[in-house]
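Here the structure comes first, spelled out in structure tokens, and everything after it is commentary.
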Amino acid sequence: MFSELRNLGKVSSQMLVSAGIRSETQLSEMGAVPAYIAVKAASRKASLNLLWAIEGALTNRDWRDISRDERMSLLLQLDDYEKNAR
């Protein structure tokens, strides 16, 4: 299911499926931040490394290549998303 995507191994893929994300298309349509939030809601074990991994998977880059500026942008999106959910 996610084996074709970079950064998403067995554990990450299982976390996505547990959150109801079952395909690459669904993941792509959701985007990194909403997908991460869904995983976080389903499993408290999700770390920010998963957010970087999802972003890398969606942009076909190694998660370690997500720049500091991109990470900050993702964190700000995450913060906005969480504020709007309250």
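The values are calculated or read from the model by the stated rules, or taken from the named source; none is laboratory data. Small disclaimer: the values here were computed from a predicted structure and weren't measured. Because the Cβ atoms are built from the backbone with ideal geometry, glycine has one as well, and the counts that use them run over all protein chains shown.
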Of the conditions (1) at pLDDT 95 or above; (2) more than 21 Å from GLU4 (Cβ to Cβ); (3) in contact with a helix residue (DSSP H, G or I) (Cβ under 8 Å, 6 or more places away or on another chain), the single one that ARG68 does not satisfy is (3)
How many of the residues making up the range 1-26 are over 18 Å from ASN60 (Cβ atoms) and in contact (Cβ under 8 Å) with a residue 24 or more places away in the chain? 3
Among the residues of the range 7-58, count how many are within 12 Å of the chain's Cα centre (by Cα), part of a loop (DSSP other than H, G, I, E, B) and surrounded by 13 or more Cβ atoms within 10 Å (Cβ to Cβ). 6
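Can you tell me which residue among LEU16, LEU58, LEU51 is at pLDDT 95 or above and over 17 Å from MET1 (Cα atoms)?
None of the others qualify; the one that does is LEU51.
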